[in-house]
Amino acid sequence: MGNLLVGKKIVIMGVANRRSIAWGCAKALSEQGAEVIYTYQNERIKKSLIKLVDDRDLLVECDVASDESIENAFLAIKEQYGKVDGIVHAIAFAKKEELAGSILNASREGYSLAQDISSYSLIAVAKEAKKLDLLTNPASVVTLTYFGSERAIPNYNVMGIVKAALEASVRYLARDLGKDGVRVNAISAGAVKTLAVTGIKGHNDLLKMSQARTIDGEDVTIDEIGNTCAFLMSDLSSGVIGDVIYVDKGVHLI
């Protein structure tokens, strides 16, 4: 075990199963000595999460589509810990039909839902954390994005637009929370075969396209992404504010 995060308490939102990027982040945080607090959306996710975590880990229900649910979750965390040193926001959702074919097929309802869950939720979470004075000074907030925010990736569609909004949110939150000692950054993770990716039509082609463009011809792993998350949660990243850090083995270079 490393000691980069010893003594730190970090909330991670979005672990679904052992293949999720959020789980790679959770493992890296724990391996560096952090006490990890997990949130989950519903009982189905909780059942999967229980199989992964330690019995001593705190699990808190939180549906980011509900301000009330976010408030209740963070109140429970504050009651238990008083303050936490960071939040990892690893949450995204779009209807499957919004991730296929032409962007012209995007529905108003589907677009709004994807923006609400995948982008606005970061602002909602940060707002509640500030209201409750939950974060220490200094603290770190990290979210996950993807290169589809910058390029028109086949079938990524609505989610690409949402990720662009999420990255803009990172910059504005970094500006507005910086005076409180809170750093806000994003990790632009390479394509990994997760539950989220399998919801994209032609996801196997997407994964092959990504691997073909990595510098070493190997896929990026959730452990590599998690290690970067651990760095951004640590005091070593004190000068990194409002940035998007690529962890995709160079795919974005080509």
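The values are calculated or read from the model by the stated rules, or taken from the named source; none is laboratory data. Fair warning: this is a prediction, and the values are worked out from it, not measured in the lab. Cβ: placed from backbone, ideal geometry, glycine included. Neighbour counts: every protein chain shown. Ligands, DNA and RNA are excluded from the accessible area calculation, which covers all protein heavy atoms including side chains. Shrake-Rupley method; radii C 1.70, N 1.55, O 1.52, S 1.80 Å.
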| query | Dipole of segment 1-105, Cα-centred, from +1 at each Lys and Arg C-beta and -1 at each Asp and Glu C-beta, to the nearest 20 debye? | reply | 420
| task | Over 30 Å between C-alpha atoms is what I'm after, so list which of Lys47/Lys179; Lys27/Lys127; Lys8/Lys46; Lys8/Lys163; Lys96/Lys179; Lys47/Lys249 land there. | result | Lys47/Lys179; Lys96/Lys179; Lys47/Lys249
| Residue separation times 0.36 nm, minus the C-alpha to C-alpha distance between Arg151 and Lys83: what's the value? | 20.6 nm
| request: With a probe of 1.4 Å, find how much accessible area segment 9-253 has per residue, and write the answer as a whole number in Å². | output: 46
| said: What distance in nm lies between label points placed 7 Å from Cα along the C-beta direction at Glu97 and Asn17? | reply: 2.5
| task | Would you mind telling me the share, in percent, of accessible area of segment 9-253 contributed by carbon and sulfur at probe 1.4 angstrom? | result | 51
| query | Under the Karplus relation 6.51 cos²θ - 1.76 cosθ + 1.60, θ = phi - 60°, what is the ordered set of whole-Hz ³J(HN,Hα) values for segment 225-238, x standing for Gly and Pro? | reply | 5, x, 4, 5, 4, 4, 4, 5, 7, 8, 5, 5, 9, 4
| message | Give me, ordered by chain and number, the residues 5 or more places off Asn155 or on other chains with an amide H under 5 Å from its own placed amide H. | response | Gly101
| task | List every residue whose amide H lies under 5 Å from the amide H of Val60, counting only residues 5 or more places away in sequence or on a different chain, with H placed 1.01 Å from N in the peptide plane. | result | Tyr38, Thr39, Tyr40
| query | If you stretched the chain out fully between Asp216 and Ala164, how much longer would it get, using 0.36 nm times the residue separation minus the C-alpha to C-alpha distance? | reply | 16.0 nm
| request: Could you list, by residue number, the cysteines of the chain that have no other cysteine's beta carbon within less than 4.7 Å of their beta carbon? | output: Cys62
| task | Please list, in chain and number order, the residues 5+ apart from Val247 or on another chain whose amide H is under 5 Å from its amide H, with Hs placed from the backbone. | result | Ser188, Ala189, Gly190
| q = 0.11 Å⁻¹, the chain: log10 I(q)/I(0) [Debye, one scatterer per Cα] | -0.54
| request: For the chain, calculate the relative contact order in percent as a whole number, restricting contacts to Cα pairs under 8 Å that are 6 or more residues apart. | output: 22
| said: Assuming 0.36 nm per residue, please report the length gained on full extension of the stretch Leu52 to Ala76 beyond their Cα-Cα distance. | reply: 6.5 nm
| query | Tell me, what is the 1.4 Å probe accessible area of Ser48, in Å² to the nearest 10? | reply | 50
| request: Whenever you get a sec, line up Ile245, Ile21, Ile87 from highest to lowest accessible area (probe 1.4 Å, protein heavy atoms). | output: Ile245, Ile21, Ile87
| request: Work out the length of the dipole vector of the chain about its Cα centre, built from +1 on the beta-carbon of each Lys and Arg and -1 on the beta-carbon of each Asp and Glu, and round it to the nearest 20 debye. | output: 300
| said: Going 7 Å from the Cα of Leu104 along its beta-carbon direction, which residues of segment 117-157 have the amide nitrogen within less than 18 Å of the resulting point? | reply: 152-157
| query | Sorted by accessible area with a 1.4 angstrom probe, largest first, how do Phe74, Phe147, Phe93 fall? | reply | Phe93, Phe147, Phe74
| Cα lying deepest toward the dipole's positive end in the chain, options Val162, Gly2, Gly86, charges on Cβ | Val162
